[in-house]
2 protein chains.
Amino acid sequence: MSDFSTFHMSPDVFREQGKAVIEMIARYMETVETYPVMSAVRPGEIRAALPDHAPVTGESFDAILADIAPIIMPGITHWQSPNWFAYFSANTSGPSILGELLSAGLGVQGMLWQTSPACTELETHVLDWLVEMLDLPRHFLSSGRGGGVIQDSASSATLCALLAAREQATSMASNRDGLRGGLIAYASSQAHSSVEKAVKVAGIGSAQLRTIDTDDAFAMDPDNLARTIRRDRDRGLTPFFVSATVGTTSSNAIDPLERIGEICRREKLWLHVDAAMSGTAALCPEFRYIHKGLESADSYCFNPHKWMFTNFDCDCFYVADRAALINSLSLLPEYLRNRATESGAVIDYRDWHVPLGRRFRALKLWFVIRYYGIAGLQYHVRRHVELTRMLVRMIEADGRFVIAAPVPLNLVCFYHKAGDAFTRELMERVNSTGKVYMTHTKLGDRFVMRICVAQSMTEERHVLGAWELIRRTAGEMESP
Amino acid sequence: MSDFSTFHMSPDVFREQGKAVIEMIARYMETVETYPVMSAVRPGEIRAALPDHAPVTGESFDAILADIAPIIMPGITHWQSPNWFAYFSANTSGPSILGELLSAGLGVQGMLWQTSPACTELETHVLDWLVEMLDLPRHFLSSGRGGGVIQDSASSATLCALLAAREQATSMASNRDGLRGGLIAYASSQAHSSVEKAVKVAGIGSAQLRTIDTDDAFAMDPDNLARTIRRDRDRGLTPFFVSATVGTTSSNAIDPLERIGEICRREKLWLHVDAAMSGTAALCPEFRYIHKGLESADSYCFNPHKWMFTNFDCDCFYVADRAALINSLSLLPEYLRNRATESGAVIDYRDWHVPLGRRFRALKLWFVIRYYGIAGLQYHVRRHVELTRMLVRMIEADGRFVIAAPVPLNLVCFYHKAGDAFTRELMERVNSTGKVYMTHTKLGDRFVMRICVAQSMTEERHVLGAWELIRRTAGEMESP
């Protein structure tokens, strides 16, 4: 038995304080709707409430917890509120929180199979489950040449896809010799900013990222892609990577994977597909059309931490051929050598991403899938899509507003006919009530409000309430 | 009040199951010493115990938790055991686990100040506290041109340092135009493998990473560094980045920062200092000599998730001039624009690392610092160093063993005089008992065992027990 004297928190104090934190979170779940969704603090206000210096002597955990309500909570913007309609959701859930808790309690490192075999094997297993659950192409299964890994975010997944593609395109010369220029990457004008970030990080340079035009639905135009690739080849450049999106951040546009895939196969380019939020919809057979053509993809990712009730961070990243990824990122210093790795019989996930250390994130994903079951997860996806369609009908029935883009799933972009300034002012007034939170984007040059219906606890009454608030506020602005 | 029907875990079930998980962790803390430290499962054994398909219907949380002991625990290697002497430690603690729990419960995103101001401001504040706590150079404070940010790992911190240096060296041309070759980075032969990984990721290429010789103490030889830089300049190449280490992974060697810093200032190279485990020692004034010369560093990182009782992930990364870092990683797509960001009055941490989304990791760090207090943290650092010195004396008193490198802090490398094969066999026999876990490295060409005394719960009796086991096993091997 360990000695828990001398500053450590004893197991008994942990029991007591653990229950207090569990109770705090349970109360938060019960009351989250009563908070203003968007924090109203001004810059510097939180810091001003904190002491200038760290304490020399330890404090009681009661004292620490007592500071949460007055100091921290005013600076929280409530992503878990059912009135959260901003950005994409970042849902958590009871089973996920408890999975994260257990992972922290076990405190293991999954950098190598050897450093905690369960951490690696549960991850591989659950990611294989998800291939079946989403009906993804079977080449992403770990039983063949592919496989899945949990990354912190789709941004990191995109970077890893780009690195694997870069190494494949240069026959490993860029890893060894460094980049010499000439590599060209492609994504639509609506692709997530992480593609440009990855292109910068990898040394390709943002000028080598071609922005492909989109069609009226803000989806990538494959003809424009094909023409741009041809023009680059004619100039002696080396096209190597295409990032397509299933559910763009701005408007949920779905790039036509089949035609993009044909082009990538013909041109021998790496195709990465980013389905960060929308991939979860493929749990339901009726929404699987969003992945049509995915069999041509070399890599794919979606984020259970967005729409699948698994708290951040949890991005599931798949590759069709893990060798390309591992070749790009693998190193084996002496202090990490071990017989399991050398046997070749195990996966060492540190070779699948940038960091070396890694948490036991598969636990929370396993908990979520088992607690909800496939049927429970499907239920929520369908409910969010239905609520979104209800909202679309209400917006369409109101002659003052226009829907700005197709609504395939759970995101509506719309604007007031009075124009950009009016729409922006409307959104800011609505947000400033604290009753809801929504954000904006630009489509074409137009300022549009976005409502993403994806928060775990959002019910019909929240969507109705948000719409009523928008309508009423617009009315007040029209006739002040 | 939200409706918690339909598959979600209700707050009341969360209360009940949360207590069960807290109890499970408390019991784990009480019994961790009774487990074999290193998991003995064979590859595939954990997966074989898991069902082939995800459940269609949700399961009770009781059923899920009931699987932890039989399915997961056999595959856990116990980083939290007081008999953990392998790699570097990855300590957790009661206050840290509860901070991670609360972070998961609040479920906020800190990508922008705007998306949860408390998440950003608490992080900036606590990282400023740590500058004072470790007596780091004041140019790392956020009040000037520098500042700190939490990264997931030192690997990611090293990559970000390299990217900032790359952009500074090329006047932003590599971000825009891509790399053209010629950039040269430097690290000692004992530097962590993450330097080579970063050089590959960033497109510099591993052939452009110069391996600088070390002295007899395995610390970087500054004369060799200066000569190598000069030779590269003579060849028309562009030296730009030096990574120095305070406490190498292999042997805890401390690179001479003062002399390296002089060279970097003279040559105008970015100096990054990686103090992943050992930085924590600077909590104690008597160990601050390890940072002597740090005022020349452009960036610095250390990991509270190693030796400061804050569970992974929590790497504190500082830059002297945040503009270089932000210039390298910043992008502002329309859907992330907001008035706070545009005012320039706030920090948006998504521009300080690769991922966009980010957890509220400052909570656990704040909890740990407050619960232990500076005095409590110092107590444990001193205790670990004392136990290490005791171990050194015992090894030195035993004529069969040789200490292979200086022991500045809490890591001992040693070998049996009978040679590499004997030492390896000895380590494997000792580990296979499950009573302790230690790992190895190579110093020069010699195979050496490493004992890192840094696990939170390690007491004198654990170190004595480990040494007795090594001695006895060596004796059995000598006269079978």
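The values are calculated or read from the model by the stated rules, or taken from the named source; none is laboratory data. These figures come from a predicted structure and were not determined experimentally. Cβ: placed from backbone, ideal geometry, glycine included. Neighbour counts: every protein chain shown. Accessible surface is based on the protein model in full, side chains and every heavy atom, while ligands, DNA and RNA are left aside. Shrake-Rupley method; radii C 1.70, N 1.55, O 1.52, S 1.80 Å.
Run the simple label-point estimate for B:Thr238 and A:Glu258 please: 7 Å along Cα→C-beta, distance reported in nm.
4.7
Could you tell me the calculated FRET efficiency between B:Asp135 and A:Ala207, based on Cβ-Cβ distance and R0 = 30 angstrom, to the nearest 0.05?
0.10
Once amide H atoms are placed 1.01 Å from N in the peptide plane, what residues at a sequence separation of 5 or more from B:Trp270, or on another chain, have their amide H within under 5 Å of its amide H?
Hits under the 5 Å cutoff: B:Phe241, B:Val242.
What trypsin sites (Lys or Arg not before Pro) does segment A:412-461 have in DSSP loop regions with at most 12 other beta carbons within 10 Å?
A:Lys417
Got a sec to turn the phi values of segment B:15-28 into Karplus ³J(HN,Hα) couplings, 6.51 cos²θ - 1.76 cosθ + 1.60 with θ = phi - 60°, whole Hz, x for Gly and Pro?
Each residue's phi maps through the Karplus curve to give 4, 5, 6, x, 5, 5, 6, 4, 5, 4, 6, 4, 5, 4 Hz.
Cα centroids of segment B:445-479 and segment B:193-223: how far apart, whole angstrom?
After rounding, the separation between the Cα centres reads 31 Å.
Would chain A count as rounded, prolate or oblate if I go by the C-alpha gyration tensor, calling it rounded below 1.5 in a/c and otherwise prolate when a/b exceeds b/c, oblate otherwise?
Taking the square roots of the gyration eigenvalues as a ≥ b ≥ c, chain A is oblate.
Which single residue of chain A puts its beta carbon nearest to the axis of rotation relating A to B, and what distance, in whole Å, does that give?
Per the A/B rotation axis, the closest residue of A reads A:Gly203, 1.
In peptide A:69-78, what is the residue-averaged number of other protein chain Cβ atoms found within 10 Å of each Cβ?
Counting Cβ atoms of other protein chains within 10 Å of each residue's Cβ and averaging gives 5.
Along segment A:146-157, what does the Karplus equation 6.51 cos²θ - 1.76 cosθ + 1.60 (θ = phi - 60°) give for ³J(HN,Hα), rounded to whole Hz, x for Gly and Pro?
These are the phi-based 3J(HN,Hα) values: x, x, x, 8, 8, 10, 5, 7, 5, 4, 5, 4 Hz.
Could you state the number of Å between the C-alpha centres of segment B:405-440 and segment B:1-70?
35
Taking a label point 7 Å from Cα toward Cβ, how far is A:Asp445 from its twins in the other copies, in nm, shortest first?
So the label point of A:Asp445 gives 7.2 nm to the other copies.
Name the residues of segment B:439-458 whose amide N is less than 15 Å from a point 7 angstrom out from the Cα of B:Ala421 along the C-beta direction?
Only B:447 fall inside the zone, counting backbone N under 15 Å.
Can you give the extra length, in nm with one decimal, that the chain gains between A:Arg382 and A:Asp177 once fully stretched, where that is 0.36 nm per residue apart less the Cα-Cα distance?
Extra length available between A:Arg382 and A:Asp177 comes to 68.8 nm.
Label position 7 Å from Cα toward Cβ: report the copy-to-copy distances for B:Ile403 in nm, one decimal, ordered from shortest.
Those separations, rounded to one decimal, come out as 7.4 nm.
Give the calculated FRET efficiency between A:Ala48 and B:Asn327 to the nearest 0.05, with a Förster radius of 35 Å applied to their Cβ-Cβ distance.
Computed FRET efficiency for A:Ala48 and B:Asn327: 0.75.
Probe radius 1.4 Å, ligands and nucleic acids left out: which of A:Lys364, B:Lys19 has the largest accessible area, and how do the rest follow?
Listed by decreasing accessible area, they come as B:Lys19, A:Lys364.
When all protein chains stay in place, what accessible area (Å², nearest 10, 1.4 Å probe) is found for B:Val195?
10
What 222 nm value per residue comes from the helices of chain B, counting each DSSP H run with n ≥ 4 as -39,500 (n - 2.57) and dividing by all residues, nearest 500 deg cm²/dmol?
-13000 deg cm²/dmol
Kindly sort B:Asp348, B:Asp135 by accessible area of their heavy atoms, largest first, with the probe set to 1.4 Å.
Accessible-area ranking of B:Asp348, B:Asp135, largest first: B:Asp135, B:Asp348.
Considering every residue in A:430-436, what mean count of other chain Cβ atoms within 10 Å of its Cβ is obtained?
That works out to 0 on average.
Quick one: 3J(HN,Hα) in Hz for segment A:446-451, Karplus 6.51/-1.76/1.60 with θ = phi - 60°, rounded, Gly and Pro as x.
The phi angles translate into 8, 7, 10, 7, 10, 10 Hz.
What is the set of long-range amide H partners of A:Val436 at a cut-off below 5 Å, with H atoms built 1.01 Å from backbone N?
A:Val37
Simple spin-label model, 7 Å along Cα-to-Cβ: B:Arg288 to A:Arg227 in nm?
Modelled inter-label distance: 6.6 nm.
Measuring label to label, 7 Å along Cα→Cβ, what does A:Asp213 give against each other copy in nm, shortest first?
6.2
Using 1/(1 + (r/R0)^6) with R0 = 30 angstrom and r between the beta carbons of A:Met73 and A:Thr6, what's the FRET efficiency to the nearest 0.05?
0.40
Could you sort A:Glu23, A:Glu167 by accessible area so the largest value comes first, with the probe set to 1.4 Å?
In descending accessible area the options line up as A:Glu23, A:Glu167.
Return the long-range amide H neighbours of B:Tyr87 (sequence gap of 5 or more, or a different chain), with a cut-off of under 5 Å between placed amide H atoms.
Correct list: B:Thr439.
Give the separation of the Cα centroids, segment B:346-399 to segment A:267-336, in Å.
Answer, in whole Å: 34.
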